[in-house]
Amino acid sequence: MAEKHVLVGHMVQATPPSIARRVRGLSDRGVAWLFIGPTMAILLAINIFPLLWAITLSFTNYRANRPNAPIKWIGLEHYSDILSDPDVWAGMQVTARFVVSTIAIEMLLGFALAYLIDRKFRGHGFWTTVILIPMMLSPAVVGNFWTFLYQPQIGLFNHLITFLTGASPSSFTMIGDVSLAPWSIVIVDVWMWTPYVMLICLAGLRSIPNDIYEAAEVDRASPWRQFWSITLPMALPFIMLAVLFRGIENFKMFDMVNLLTNGGPGSTTELASITLKREAFEKWRTGYASALAIILFVTIFGLGNIYVKALNRVKQR
């Protein structure tokens, strides 16, 4: 202990007098800003500046493949074109169907798995680890992995369907059929992110005090009544939180869908993010793509705020 005090004393003596006086003169708030200031500066540089730059570009005719061309200020022209473009609205509809389908399935499966694991059956720890494996993988790995599984001739998915239904493996292709391609990306997303939903729902179930269930058993409430009157209402804020997280992520889903179908066949799986990529890096309409990105950001931000208000009301009940 004495050596520690001696070491601190040497450090204090080694500090230049001018710096020591400035540190001693700082308030607690000043010291706090001294530590978080560099972090705030980095966050502003990484997040705020690109956003402001994208907003600026959305009002211009800038093209990234023509950096030396004169930049013209065109006002709200890009926004007007986007809101009147049927292809953009078609992409938004595809995105909405993808988001609603994946969230509905993931919530049902995720909560069911969480409910089963919360029963703590024999070997539940092992099966929990196995279930969590998909969400630990990279979306790029998952996209390539499922592209192989969906191959009509050698893919295991088609052979599994053949085993269950008797249909020929080459009679259908998941990522090449117009009617099946949307479901192909839904299946992959559900496979990968249902474990994430399960974890959130499991946290909600584990937060319910056992005393409530004991009181319900004393009142002779059936397991079904306990589920609808205790389990589901008390886990509802966690379920809604999972919906919020997965809704935001799936609304801007890109990498997995880009690797699986690249928006095809045709435009049946062309999410808004795929449209954004085409405008920015294939057509090089940087200003137009920036305006589309801002519209998507405002949409997610607005819907997210409305949903958070509803979530807060549920938590306060």
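Read-outs throughout are calculated quantities, based only on the coordinates presented, and are distinct from any laboratory measurement. In this text the structure is predicted, and so the values were computed from the model without any measurement. Quick reminder, even Gly has a Cβ in these numbers, built from the backbone with ideal geometry, and neighbours come from all protein chains shown.
For this structure, a couple of remarks:
- Projecting the Cα atoms of T299, M174, L164 onto the dipole axis of the chain, where Lys and Arg carry +1 and Asp and Glu carry -1 at the beta carbon, places T299 farthest toward the positive end.
- Charge tally in the Cβ shell below 15 Å around Y307, where Lys, Arg are +1 and Asp, Glu are -1, Y307 excluded: +3
- With a Förster radius of 30 Å applied to the C-beta separation of I208 and I133, the computed FRET efficiency comes to 0.65.
- Dipole magnitude (debye, nearest 20) for the chain, charges at Cβ of Lys, Arg, Asp, Glu: 940 debye
- Space enclosed by the convex hull of the alpha-carbon atoms of the chain, per residue, Å³: 289 Å³
- Footprinting exposure proxy for H78, H159 (fewest neighbouring C-beta atoms within 10 Å first): H159, H78
- Residue exposure sequence - D189, D177 - by fewest surrounding Cβ within 10 Å: D177, D189
- Positive-end residue of Y196, T275, N144, charge dipole of the chain with Cβ unit charges: Y196
- Loop-resident sites, the range 138-207, for chymotrypsin sites (Phe, Trp or Tyr not before Pro), counting at most 10 other Cβ within 10 Å (DSSP): none
- Signed unit charges on C-beta, dipole axis of the range 199-317, positive-most listed residue L232, V257, P209: V257
- Placing unit charges on the Cβ atoms only, positive for Lys and Arg and negative for Asp and Glu, gives the range 46-135 a dipole magnitude near 380 debye about its Cα centre.
- Relative contact order (%) - criterion: Cα under 8 Å, at least six apart; region: the chain: 27 percent
- Here is how the number arises for the chain: DSSP H runs of 4 or more residues each give -39500 (n - 2.57), the sum is divided by the residue count, and the result at 222 nm is -22500 deg cm²/dmol.
- Over 29 Å apart at the Cα level, from the set K120/K309; K72/K277; K120/K315, are K120/K309.
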